[in-house]
Amino acid sequence: MANVKARAGGKRPRRQFLSGVAVAAAGTLAAPSVVKAQGPIHMRWQSTWPAKDIFHEYAQDFAKKVNDMTGGELVIEVLPAGAVVPAFGLLDAVSQGTLDGGHGVLVYHYGKQPALALWGSGPAFGMDANMLLAWHKYGGGKELLQKLYASIGAEVVSFPYGPMPSQPLGWFKKPIAKVDDLGGLKYRTVGISIDVFTAMGAAVNALPGGEIVSALDRGLLDAAEFNNASSDRTLGFPDVSKVCMLQSFHQNSEQFEILFNKAKYEALPDSIKSIIANAVEAASQDMQWKAIDRYSQAYLDMQTEDGVKFYKTPDAILQRQLEVYDEVAKKKSADNPIFKEILDSQIAFAKRVTRWEQDTVTNRRMAVDHYFGPNAAATKL
């Protein structure tokens, strides 16, 4: 009886105590399996691009990188424009949680706050898109964008990435020789370029990418710009026009934007947030490599197979773009303090980095002409 009482009084035999520790340890070791059993985190996204456009492919490329790098712990599904909301409705949909995230460009949010278009709409004071992204990451742009989104109540986390090459002036019925040729043209563009081309005499209509060719075909537009040779060919621009004017300052430095709903993003584990940040930069570089390959091939194909004629935009038009942009930016700065704050930050960064670039980077035109120009036969290796 005494032994029974002793056992009942609180002391357990060593064997029983160890078995209890083993059970507790087993429970601790099993915990990750319980978490794992809950399954991956799923996110439903939408891009602002048609399913067939290379831009939608870029969105899917980013999603795949995240899905692969997280080992399936986060699974992002990307739908094309219009699947849930119209292309220009992406910011609201992500902010409100209708979508968990999305892929687009900041200039598409121009109607919410004109300063958002400063990430890509305009000459960027001589910077290209990669330099503008350098300003964003290291020159204060990231903090300004957070402040800007907060000022309009947008519950999003934004990652600009994927610097684009300088975009064409666009597609026309005949070559544009002087500024006056833009007068009265029903022309498609977006962002601050709306104000610039309006001031240059065009009748501007802002349309998402998937609607432009149809509008040109039906005569609702006389001319339009979108982005690049691959997208333009895939979307069908050569079917409605055979004249494309290359080079412009209206979107000389644009990049893409990856958007997350803020609450959904903040709920993610820190490890996944770190993967996302690294996937953004990996996808940014991969996009540039893919663009070089695909855009150059489409540029060649449009000339050899589609009968498209490409012309350089005259310098007089480029110069006028700069002058009008300055007028538009000055006016908006007077009415919009954060617009001016962003401009001042960009100008300070651009003054330093463009001087460095122009002083140090070799103009490659000489080498291109040497190997592929009219007199290149004598230099073939």
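Okay, here's what the table says:
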| quantity | calculated |
| --- | --- |
| Residue check for V196: assigned to a helix (DSSP H, G or I), open to solvent by 20 Å² or more (accessible area, probe 1.4 Å) and of a type in the set (A, V, I, L, M, F, W, C) | no |
| Elements of type strands (runs of 3 or more DSSP E) in region 32-149, at least 1 residues being touching a strand residue (DSSP E or B) at 6+ places or on another chain (Cβ under 8 Å) and open to solvent by 30 Å² or more (accessible area, probe 1.4 Å) | 41-47, 74-79 |
| The one condition in (1) out of contact with any strand residue (DSSP E or B) (no Cβ under 9 Å at 6 or more places or on another chain); (2) of a type in the set (D, E); (3) assigned to a strand (DSSP E or B) that E257 fails to fulfil | (1) |
| Index of the failed condition, I347 passing every other in (1) aliphatic (A, V, I, L, M); (2) in contact with a helix residue (DSSP H, G or I) (Cβ under 9 Å, 6 or more places away or on another chain); (3) modelled with pLDDT under 95 | (3) |
| Conditions (1) in contact with a His (Cβ under 9 Å, 6 or more places away or on another chain); (2) of a type in the set (A, V, I, L, M); (3) closer than 26 Å to A124 by Cα: number failed by V324 | (1) |
| Scope region 170-188; condition more than 30 Å from the chain's Cα centre (by Cα) and assigned to a loop (DSSP other than H, G, I, E, B); matching residues | K174, A177, K178, G183, G184 |
| Filter result for F226 (in contact with a Pro (Cβ under 7 Å, 6 or more places away or on another chain) and aromatic (F, W, Y)) | no |
| Identity of the residue in region 46-97, touching a residue at least 40 places away in the same chain (Cβ under 8 Å) and of a type in the set (G, A, S), that ends up nearest to K290 (Cα to Cα) | A59 |
| Selection count, region 353-380, where residues are surrounded by fewer than 11 Cβ atoms within 10 Å (Cβ to Cβ) and charged (D, E, K, R) | 4 |
| The listed residue being open to solvent by less than 50 Å² (accessible area, probe 1.4 Å) and outside any helix (DSSP H, G or I), out of D301, D306, D286 | D306 |
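The values are calculated or read from the model by the stated rules, or taken from the named source; none is laboratory data. For clarity, every value in this text was computed on a predicted model and none was experimentally measured. Please note: Cβ atoms are built from the backbone with ideal geometry, for glycine as well, and neighbour counts cover all protein chains shown. When the accessible area is computed, the model is the full protein with side chains, heavy atoms only, and any ligands, DNA or RNA have been set aside. Shrake-Rupley method; radii C 1.70, N 1.55, O 1.52, S 1.80 Å.
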